[in-house]
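Peer 1: Could you have a look at this structure, given as structure tokens, before my questions?
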Amino acid sequence: MEHAVVVDNVTKKYGAVEALKGVSLTVPSGELFGIIGPDGAGKTSLFRILTTLLLPDSGNASVCGLDIAKDYKEIRRRVGYMPGRFSLYQDLTVEENLNFFATVFHTTIEENYELVKDIYQQIESFRKRRAGALSGGMKQKLALSCALIHKPDVLFLDEPTTGVDPVSRKEFWGMLRRLKEQGITIIASTPIIDEARQCDRIAFINEGQIHGIDTPERILNQFASILCPPGLEHGKVEQKDEYVIEVDKLTKRFGNFTAVDHISFKVHRGEIFGFLGANGAGKTTAMRMFTGLSHPTGGTARVAGFDVATRTEDVKKNIGYMSQKFSLYEDLKVWENIRLFAGIYGMAEDEIARKTDELLERIGLSAERDTLVKSLPLGWKQKLAFSVSIFHEPKIVFLDEPTGGVDPATRRQFWELIYQAADRGITVFVTTHFMDEAEYCDRISIMVDGVIRALDTPDELKRQFKVATMDDDIAGYACGADYPFRLCHNHGSEECPCRHSRPVERCCHPAHYRPSGCE
């Protein structure tokens with residue numbers, strides 16, 4: 001059998017840290033191969049070696065039968081690579097990005113358009129829009145198009161759906177299956193179990209070592225304690241009459257575009273409130289208004305008792321905020337970040353010193369006190385960022401997709417921290433793309449195209465939608481599909497728009513929702 005990738009006893013160190021310890025694996029041509037493991041397990045180091053961006057300290061590896069050290073130029077012509085962070089040029093338009101990547105590989109969009117047609121057509125109407133203005137799902141589709149435009153033999157994807165809503169993730173993996181059918185070998189890392197299940201085989205990597213390679217079900221069963229931790233139990237907060245967030249017809253426009261459209265709701269003190277919606281639904285725009293970072297166009301909102309339009313400084317003093325884009329200073333040490341933000345919030349020196357030691361002990365980072373933040377694994381950074389955001393014991397903490405790109409075990413630990421904060425009376429306002437996390441909230445709202453379309457407890461929403469979990473139907477609704485998923489509004493018939501002739505009971509608009517029986 002021809003192998004697209006062969007890794008033989010590869011090691012890699014960064015100073016005293018062993019990122020890879022004798023890693024060996026083979027991937028046959030045409031396989032959809034997954035790599036799964038906790039944050040800091042070595043996944044990205046392995047990808048960077050296989051794409052010739054790093055050299056191993058020892059061992060050998062080949063891609064398409066070519067040695068990664070001797071034949072790196074030819075390998076670069078024959079592979080596509082989507083790194084963990086977006087690989088696009090944010091100030092270039094959609095069309096300019098695709099043209100640029102085609103030119104780098106001495107080809108044209110026209111020459112290989114058929115390969116990216118199904119993907120690119122979904123964003124082609126935005127071809128004049130700058131990449132930085134696209135939603136997360138659209139960015140990923142563009143990045144995948146750019147990685148494919150030179151028709152690679154092997155496609156490397158390092159956590160490609162981080163920060164992408166559930167329906168866009170399903171679409172993305174549907175695209176990968178179609179690319180596999182065209183003979184492209186795909187190697188993807190992912191922290192998301194449902195994505196790992198869609199691979200032909202997966203490798204479990206932890207602490208720089210491969211611990212098993214097999215079918216997804218066998219690996220997930222064998223390492224369930226790490227990859228599939230049990231759900232959390234938490235007593236629901238006793239609802240109080242006091243409201244800490246009161247929103248009435250709040251609106252935000254950018255020119256002719258209405259990002260937030262007359263939304264109204266209230267949040268109780270001590271409540272864990274989930275704010276759900278697809279990429280581009282308006283969640284982050286709304287949150288920026290709640291935190292005093294953006295001025296409303298219309299309507300009102302009161303946070304911690306203060307009007308967000310006229311009392312922004314008072315709002316900021318009474319809240320914590322963890323932004324979607326990591327909010328700590330990476331060139332400062334762990335303790336320096338804590339000291340900096342505590343000082344900004346006006347805490348006393350003796351209190352800062354005492355609480356810093358307590359915090360680091362509680363989140364398991366005492367040994368990393370003097371470590372530069374940029375050296376920490378993503379999961380550790382996220383736990384630290386959350387802990388810093390509530391260090392001054394605010395009335396409310398706003399969390400914008402805090403667990404994006406984090407492995408299941410670390411996500412569980414993160415939510416344990418959220419529960420601890422709620423138990424201390426801190427109101428938690430959180431956005432998330434993980435529907436299982438929505439189950440952890442006391443109430444959730446679902447925002448679609450700038451409008452809140454549903455708001456209730458998870459149990460009540462499941463009853464309304466007649467489903468057992470928050471996945472599937474509610475995920476589709478949260479991402480813009482028509483409720484109750486009977487006819488596709490874009491096609492107006494029961495004929496499946498996914499090019500199958502059988503009738504479907506649920507909406508399967510290709511830009512919104514694809515039911516599990518319709519591949």
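Peer 1: Can you send over the carbon and sulfur percentage of the accessible area for the chain, probe radius 1.4 Å, protein chains only?
Peer 2: So the carbon and sulfur contribution to the accessible surface is 47 percent.
Peer 1: Let me ask something else. Specify which labelled value, from (1) 42; (2) 26; (3) 29, agrees with percent of Cα pairs over 38 Å apart derived from the coordinates of the model shown.
Peer 2: (3)
Peer 1: Which whole-number value in Å³ per residue fits the convex hull of the alpha carbons of the stretch 120-242?
Peer 2: Numbers: hull volume 23.0 nm³, N = 123.
Spelled out: Cα convex hull of the stretch 120-242, divided by residues, is 187 Å³.
Peer 1: Let me ask something else about it. Using the heavy atoms of the protein chains and a 1.4 angstrom probe, tell me the accessible area per residue for the chain in square angstrom.
Peer 2: Working: 23090 Å² over 519 residues.
Per-residue accessible area for the chain comes out at 44 Å².
Peer 1: Separate question: Given the pairs Lys317/Lys462; Lys180/Lys383; Lys283/Lys374; Lys141/Lys249; Lys43/Lys73, which span a C-alpha to C-alpha distance of over 30 angstrom in this model? Provide the component values of the computation, followed by the final result.
Peer 2: Working: Lys317/Lys462 37 Å; Lys180/Lys383 36 Å; Lys283/Lys374 27 Å; Lys141/Lys249 34 Å; Lys43/Lys73 23 Å.
Distance filter (> 30 Å) returns Lys317/Lys462; Lys180/Lys383; Lys141/Lys249.
Peer 1: Determine the relative contact order of the chain: mean sequence separation of Cα pairs under 8 Å and six or more apart, normalised by residue count, in whole percent. Numbers along the way, then the final one.
Peer 2: Numbers: 1033 pairs, mean separation 75.1, N = 519.
Across the chain, relative contact order equals 14 percent.
Peer 1: Now, a different point. What Kirkwood hydrodynamic radius do you get for the stretch 189-263 when you take the inverse of the mean 1/r over all pairs of distinct Cα atoms, in Å?
Peer 2: Values: mean 1/r = 0.0583 Å⁻¹.
In the stretch 189-263 this quantity evaluates to 17.2 Å.
Peer 1: Run the helix sum for the chain: -39,500 (n - 2.57) per DSSP H stretch of 4+ residues, divided by residue count, reported at 222 nm to the nearest 500 deg cm²/dmol. Mind showing how you got there, number by number?
Peer 2: On the way: 18 runs with 163 residues, N = 519.
Using -39500 (n - 2.57) per qualifying helix, the result is -9000 deg cm²/dmol.
The values are calculated or read from the model by the stated rules, or taken from the named source; none is laboratory data. Small disclaimer: the values here were computed from a predicted structure and weren't measured. Areas reflect the complete protein model, heavy atoms only, side chains present, ligands, DNA and RNA absent. Shrake-Rupley method; radii C 1.70, N 1.55, O 1.52, S 1.80 Å.
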